[in-house]
1. Please list, by residue number, every one of the trypsin sites (Lys or Arg not before Pro) in region 56-99 that is coil in DSSP and has at most 13 other beta-carbon atoms within 10 Å.
2. Nearest 10 degrees is fine. How inclined is helix 4-19 to the longest principal axis of the chain, computing both from alpha carbons?
3. When the helices in the chain are scored as -39500 (n - 2.57) per DSSP H run of 4 or longer and the sum is shared across all residues, what 222 nm value do you end up with, to the nearest 500 deg cm²/dmol?
4. How high is the relative contact order of the chain, in percent, with contacts defined as C-alpha pairs under 8 Å that are six or more residues apart?
5. Quick one: order 5, 20 by neighbouring beta-carbon count within 10 Å, fewest to most.
6. Could you state the angle between the C-alpha long axis of helix 21-33 and the longest principal axis of the C-alpha atoms of the chain, as a value from 0 to 90 degrees rounded to the nearest 10?
7. With all distinct Cα pairs included, what does the Kirkwood hydrodynamic radius of the chain come out to in Å, to one decimal, could you say?
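Readers should treat all values here as calculations from the given coordinates under stated rules, not as data from a laboratory. Small disclaimer: the values here were computed from a predicted structure and weren't measured. For neighbour counting, all protein chains shown are included, and Cβ atoms are generated from backbone atoms with ideal geometry for every residue, glycine included.
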Amino acid sequence: MINASAVRQFGRVVRALRRSRLRAQVFEFLCEVYPEWAYPGLIADAVGASYENVVGALRGLGKRYRPEDSLLVLGIVEERREGKLRFYRLRDEYVELCRALGRGPR
């Protein structure tokens, strides 16, 4: 039996990825480098975006990147802090989604 809350969560994830090209690019990059952790600056260079916009996609920033649609709040990525630095990686539960989209680890 399929859990209704899991279906709703999946719908929120798909909607968030479809609403933002950058959010989808960050997701794809994290799929490719999984299980490695990545700094937002590295992600920004890899996807050709600004550091600020990548941070917005990861954890929300102002009106353009609503926190409730961020990869972190949706539970797609996890965050690790080392001093003032923050690193991100794809959560284990989303590796299969990456593979289903043809974006598995390198």
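1. Working: sites: 59, 63, 64, 80, 81, 84, 86, 89, 91, 99; in loops: 63, 64, 84, 91.
In loop regions of region 56-99 (DSSP not H, G, I, E or B), the sparsely surrounded trypsin sites (Lys or Arg not before Pro) are 63, 64, 84.
2. Helix 4-19 sits roughly 40 degrees off the main axis of the chain.
3. Numbers: 5 runs with 52 residues, N = 106.
About -14500 deg cm²/dmol.
4. Working: 135 pairs, mean separation 30.4, N = 106.
Reported as a whole number, the value is 29 percent.
5. Numbers: 5 7, 20 21.
By the 10 Å Cβ count, ascending: 5, 20.
6. Taking Cα atoms only, the helix is inclined about 90 degrees.
7. Result for the chain, one decimal place: 13.8 Å.
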